[in-house]
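Trainee: My questions all concern the structure below.
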Amino acid sequence: MNRRKFLHKSICASAGVLTLPMYSGAYSFDYHKDLIIGHNSHQYKVDMNWGKLDANKVPVQDCHEIIQDSKGRIILLTNHVKNNIIIYDKSGKLIETWGTTYPGGHGLTLSTENGEDFLFITDYERHQVIKTTIDGKEVMTIEYPADTGKYKNKEEFKPTETTILENGDFYVADGYGNQFILHYNYKGELLNIFGGRGIENDQFLNAHGICLDARNQESPVLLVTAREQNQLKRFSLDGTYLSSIEVPGALICRPVIHKDEIYFAVLKSRGATQNNSGFLLIMNDKNEVISCPGATKPLYKNNSLAELYQTIKLFQHPHDVCIDEDDNMYVAQWNSGQTYPIKLIRV
C-alpha cells in the first residue's frame, strides 16, 4: 500500500469524517475535525492552521498569490505594505518578510535564470510590472505600453499576471485594465500585443491569469483565464487564438500547471447568492475537470460540463494555489478577513 492510500485509509478509519456528500446548498462544518475534500484521484485533508502568524507583527490583507521557489520555500504575496512578501518553509514556519511598496501587489511568478531565482510582481495600483531578486531588489520595471496606442494613460494599465518562457521572454496579462496580452523579450522590449476587451474568441472579459503550457514540449501554448466568461482560452505563442475550454459557473483565477494537470483557484460560483462561494478546480492532461475541492463533483453529459458551484463553506474568495513536490496544495485567498493560506494535504 503506498503512502497516499495508507494516509487516506488511516484518516477515514480514525476520524470518521469522510468526503462529504454533495448538497444542493452550502454546508458548514467543524474546522477542528478532519475533513476530506475533492473527487476521484485528487482528494485532500484540510489544514486550517498552516502558516498562521501573529497578525500584529506580520499582517496580511489580500493574499493574492503563492508560489514555491527553487529552495522549496513557500512565498506569499499580500498587498499589505508592512510586508508584501512573506516567505515560509514547508511546515508553515516564517523565514523572512520584505516589501513595503506594492499596494496593488497581485501577480507573483518565479523565474529561474542561470541558477538564480527572480520574482515578477504585477501591481495594478502602481500600473507596473516589477522584476525583483528573491530578496526584494528591483532589477526591471515595465511601465504602461504608451507607444502601442492601446492606452490613453497609465491608469488604464492594471496588470494582473505574468508568465515566463525558457528564453527569458515574458507575457503580461492586463486583467484589470484594457484586457490585452503583452509579449516582451528578456530585456523588457515589447514584441507583440493581442487580445483586448470584448466577447469575441480572441478577446477577454477579465484576462485574469496567464501561464505557459509546455506539457506538449513540441507545441507549447499560452493559457489565459477569461474569468468573467467562465472560460480558459488557448493561444499560440504569437497570439493566435486556438480554442476555449468552458468551466460553467466557475470564475477561475490563474492556471497553475503541476506535472500533467492544471490547477485553479475559483474566486466564486457564478450562480451563488453569496460572494464567498469559491472552491478549487483541477483538470487532467486532456483539459477535463476531474476534481473540484469544495464544490460539486464534475459531471460531463454529451461532452459538456455541468455547472459547478460551492457545496462546502470552506474557502473565501480563493485567489491562487501552489502545489509542492508531494502534491500538497497551498491556497491563498482574497478578501477573506485577512486570513493566512490554507494547506491541503493530498491523500
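Coordinate-derived values only; no laboratory data. These figures come from a predicted structure and were not determined experimentally. Using ideal geometry, Cβ is built from the backbone for each residue, glycine included, and neighbour counts are taken over all protein chains shown.
Trainee: Listed residues 323, 282, 290; which is hydrophobic (A, V, I, L, M, F, W, C), surrounded by fewer than 23 Cβ atoms within 10 Å (Cβ to Cβ) and touching a Phe, Trp or Tyr at 6+ places or on another chain (Cβ under 7 Å)? Full working, then the answer.
Mentor: On the way: 282 fails: surrounded by fewer than 23 Cβ atoms within 10 Å (Cβ to Cβ); 290 fails: touching a Phe, Trp or Tyr at 6+ places or on another chain (Cβ under 7 Å).
When all the criteria are applied, what remains is 323.
Trainee: If you don't mind, there's one more thing I want to ask. Pick from the stretch 291-340 the residues that are of a type in the set (Gly, Ala, Ser) and not in a strand (DSSP E or B): which of them is farthest from residue 78 (Cα to Cα)?
Mentor: Step one: filter the stretch 291-340 for residues of a type in the set (Gly, Ala, Ser), giving 291, 294-295, 304, 306, 332, 336-337.
So of that shortlist, the ones also not in a strand (DSSP E or B) come out as 294, 306, 336-337.
Working: 294: 23, 306: 34, 336: 12, 337: 13 Å.
Ranking the qualifying residues of the stretch 291-340, first place goes to 306.
Trainee: Okay, moving on. For the stretch 47-80, name all the residues that are within 23 Å of residue 161 (Cβ to Cβ), among the hydrophobic types (A, V, I, L, M, F, W, C) and assigned to a loop (DSSP other than H, G, I, E, B).
Mentor: 60
Trainee: Here is a further query. Anything in the stretch 264-279 that is surrounded by 23 or more Cβ atoms within 10 Å (Cβ to Cβ) and either of a type outside the set (A, V, I, L, M) or in contact (Cβ under 8 Å) with a residue 60 or more places away in the chain (or both)? List them, or say none. Steps first, answer last, please.
Mentor: As a first pass, look at the stretch 264-279 and keep what is surrounded by 23 or more Cβ atoms within 10 Å (Cβ to Cβ): 264-267, 269, 277-279.
Result: 264, 265, 267, 269, 277, 278, 279.
Trainee: Still on this structure, please answer the following. Among the residues of the stretch 301-320 satisfying the criterion of being hydrophobic (A, V, I, L, M, F, W, C) and over 24 Å from residue 207 (Cβ atoms), which is surrounded by the most Cβ atoms within 10 Å (Cβ to Cβ)? Talk me through it step by step, then tell me what you get.
Mentor: Step one: of the stretch 301-320, the residues hydrophobic (A, V, I, L, M, F, W, C) are 305-306, 308, 312, 314-315.
With over 24 Å from residue 207 (Cβ atoms) added as a condition, the list becomes 306, 312, 314.
Details: 306: 14, 312: 19, 314: 26.
Here the residue is 314.
Trainee: Also, I was wondering about something else. Please specify each residue of the stretch 129-140 satisfying the condition of being in contact with a Phe, Trp or Tyr (Cβ under 8 Å, 6 or more places away or on another chain) and part of a strand (DSSP E or B). Show your work before the answer.
Mentor: Quick first cut of the stretch 129-140, residues in contact with a Phe, Trp or Tyr (Cβ under 8 Å, 6 or more places away or on another chain) only: 129-136, 139.
Across the stretch 129-140, the qualifying residues are 129, 130, 131, 132, 133, 139.
Here's the yes/no breakdown for (1) out of contact with any strand residue (DSSP E or B) (no Cβ under 8 Å at 6 or more places or on another chain); (2) in contact (Cβ under 8 Å) with a residue 12 or more places away in the chain; (3) exposed (fewer than 15 other Cβ atoms within 10 Å of the Cβ); (4) of a type outside the set (D, E, K, R):
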{"residue": "139", "(1), (2), (3), (4)": "no, yes, yes, yes"}
{"residue": "145", "(1), (2), (3), (4)": "no, yes, no, yes"}
{"residue": "148", "(1), (2), (3), (4)": "no, yes, yes, yes"}
{"residue": "155", "(1), (2), (3), (4)": "yes, yes, yes, no"}
{"residue": "165", "(1), (2), (3), (4)": "no, yes, no, yes"}
{"residue": "170", "(1), (2), (3), (4)": "no, yes, no, yes"}
{"residue": "177", "(1), (2), (3), (4)": "yes, yes, no, yes"}
{"residue": "191", "(1), (2), (3), (4)": "no, yes, yes, yes"}
{"residue": "198", "(1), (2), (3), (4)": "no, yes, yes, yes"}
